[in-house]
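The values are calculated or read from the model by the stated rules, or taken from the named source; none is laboratory data. Owing to the predicted nature of the structure, the values given are computational and were not obtained by experimental measurement. Positions of Cβ are generated from backbone atoms using ideal geometry, with glycine treated the same way; all protein chains shown enter the neighbour counts. Ligands, DNA and RNA are excluded from the accessible area calculation, which covers all protein heavy atoms including side chains. Shrake-Rupley method; radii C 1.70, N 1.55, O 1.52, S 1.80 Å.
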Amino acid sequence: MRGADERTGAMFSYVSLEERVPPEHPLRAVRRITDRALERLSPRFGTLYVNFGRPSIPPEKLLRALLLQALYTIRSERQLIEQLDFNLLFRWFVGLGIDDPVWSPTTFTKNRDRLLDGEIAAAFFEAVLIHADTARLLSHEHFTVDGTLLEAWASHKSFTRRDTPPDQPAAGGGNPSVNFRGQRRTNATHQSTTDPDARLYKKAVGRPAQLAYGAHVLMENRSGLIVNTCVLPADGHGERNAALIMADGIAGGRVTLGMDKGYDAPTFIGELRQMDVTPHVAQHTTNRRSAIDGRTTRHPGYAVSQRKRKLVEQGFGWIKTVGGLRKLRHRGGRLVNWIFTFTAAAYNIVRLRRLLPALA
């Protein structure tokens, strides 16, 4: 018998959001890991708010919503709020009831400065790592470091001379045609008016120059989890400077650090060895002599580091494609660093969802 195509107008639902989400849904494991990390941050949240006035939106709900934006590659916060309005799965994850009103997109803008000043992204990142360390998933001896470029939210037209008056009207209207052919443009003489912290950088010969930031990660080799992040201006020395900064933050004891051949420089290798860090750098022997010789390459651990270091590319790929940071949506070095650290924490949570059941 064919059923009738009737549109019900029922006003009440007797099925809770908890019952609507399947027990095996991937977000359930993500929610458990996230809630455990947010519980550790509860005292820190208390220091960001005063004890009087109108209650604000709980920061835990804001962070869960931003985590959904990274997990589901949602383009903007306006689209995120639209999804929260009708998506019951998203409402359950964030902690909103079926009838609870959603926020304005400007809610994230108003609360971002508070979360930025409180360094909540770094604290959330560390809380997720504590969960992984408690489950004995982290290596404290073997690491990998690498860097990538994040394209800034600024066009080449905004890259103008530093001595140009800022109030000078652009010729040709609001979006004029600009011809850069034959002009020498460098970071020393030019600066982006849209994002002054972005730098013009070309990653390799034959590649186009773009306004970008240099994003760097430190990965442990046991489970492929990111244990440290750093965003620096994009230049030819950013990767090595970031590697030294993050290697200096590793706890005491001799450790190994896997890297690609772009790090094969005698001065850099010498600085790492003075820090009791064994540089497992891929040898760069094209028309030159490598700073790594048989004293390092003869050990079996060197080959293991070269094999495990490729896992870092999975993290960069996820952060750029799924996490949506191939083209940045925010401006300013501090905010870009905040977003990159938070997205790296989201990547760790995704990996933990698969690694934790394997230990049971």
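Structural remarks
- Residues whose amide H comes within less than 5 Å of that of ALA282, counting only those at least five positions distant or on another chain, are MET259, ASP260, LYS261 (H built at 1.01 Å from N in the peptide plane).
- Restriction of the trypsin sites (Lys or Arg not before Pro) in region 55-146 to DSSP coil positions whose beta-carbon has at most 12 other beta-carbons within 10 angstrom yields ARG75, ARG136.
- Think of region 161-314 as having a plus end and a minus end, set by charges on the Cβ of Lys, Arg, Asp and Glu; of LEU244, THR189, ALA204, ALA204 sits farthest toward the positive end of this dipole.
- Among GLY53, ALA127, THR144 - extreme Cα towards positive end, dipole of region 23-153, charges at beta-carbon: GLY53
- By the rule of a C-alpha distance below 22 Å, with chain neighbours fewer than 8 residues away ignored, the lysines paired with LYS202 are LYS157, LYS261, LYS320, LYS327.
- Cα-projected label distance for ASN179 with VAL205, points at 7 Å along beta-carbon direction, nm: 3.0
- Accessible surface of region 244-321, 1.4 Å probe: 50 percent of it comes from carbon and sulfur atoms.
- Net charge dipole size for the chain [Lys, Arg +1 and Asp, Glu -1 on Cβ; Debye, nearest 20]: 1100
- Applying the Karplus relation 6.51 cos²θ - 1.76 cosθ + 1.60 with θ = phi - 60° to region 135-140 yields 3J(HN,Hα) values of 7, 6, 9, 9, 8, 10 Hz, where x marks Gly and Pro.
- Shape call, region 67-213: gyration tensor on alpha carbons, a/c limit 1.5: oblate
- Lys/Arg +1, Asp/Glu -1 at C-beta; region 256-360 dipole; positive extreme among ASN337, THR278, THR256: ASN337
- Where the chain is the region considered: accessible area per residue in Å², 1.4 Å probe: 56
- Modelled label positions at THR285 and THR194, each set 7 Å beyond Cα in the direction of Cβ, lie 4.5 nm from each other.
- Inter-centroid distance (Cα atoms) of region 34-79 relative to region 304-360, Å: 19
- Cα-based shape type of region 283-360, given that a ≥ b ≥ c are square roots of the gyration tensor eigenvalues and the cut on a/c is 1.5: oblate
- Against the main long axis of the alpha-carbon atoms of the chain, helix 77-86 sits at an angle near 30°.
- Where MET275, MET219 fall by accessible area, highest first, once all protein chains stay in place (1.4 Å): MET275, MET219
- Computed E for ALA303/VAL50 - FRET, C-beta separation, R0 56 angstrom, nearest 0.05: 0.50
- Cβ-Cβ FRET estimate between TYR14 and HIS237, R0 fixed at 51 Å, reported to 0.05: 0.20
- Residue list for region 182-201, given a label point 7 angstrom along the Cα-to-Cβ vector of GLU151 and an amide N cut-off under 14 Å: 201
- In order along region 205-210, the Karplus-derived 3J(HN,Hα) couplings, from 6.51 cos²θ - 1.76 cosθ + 1.60 at θ = phi - 60°, round to 5, x, 8, x, 7, 8 Hz, and Gly and Pro are given as x.
- Helix 59-71 axis, angle to the chain major axis (alpha carbon atoms, nearest 10°): 70
- Only Lys, Arg, Asp and Glu carry charge here, each on its Cβ (+1 for the first two, -1 for the last two); on that basis region 1-107 has a dipole of about 380 debye about its Cα centre.
- Cα shape, region 217-311, gyration tensor, a/c 1.5 rule: rounded
- Lys, Arg +1 and Asp, Glu -1 on Cβ, resulting dipole of region 271-331 about Cα centre, debye, nearest 20: 360
- Relative to the longest principal axis of the Cα atoms of the chain, helix 106-117 runs at roughly 50 degrees.
- ARG114-ASN87 FRET efficiency (beta carbon distance; Förster radius 30 Å; 0.05 resolution): 0.70
- Listed values (i) 29, 25, 24; (ii) 35, 32, 18; (iii) 39, 31, 19 include one computed from this model; for semi-axes √(5λ) of the Cα gyration tensor in Å that value carries the label (iii).
- If you run the Gaussian network model on the chain, springs between alpha carbon atoms under 10 Å, then out of THR109, THR229, THR193 the most flexible one is THR109.
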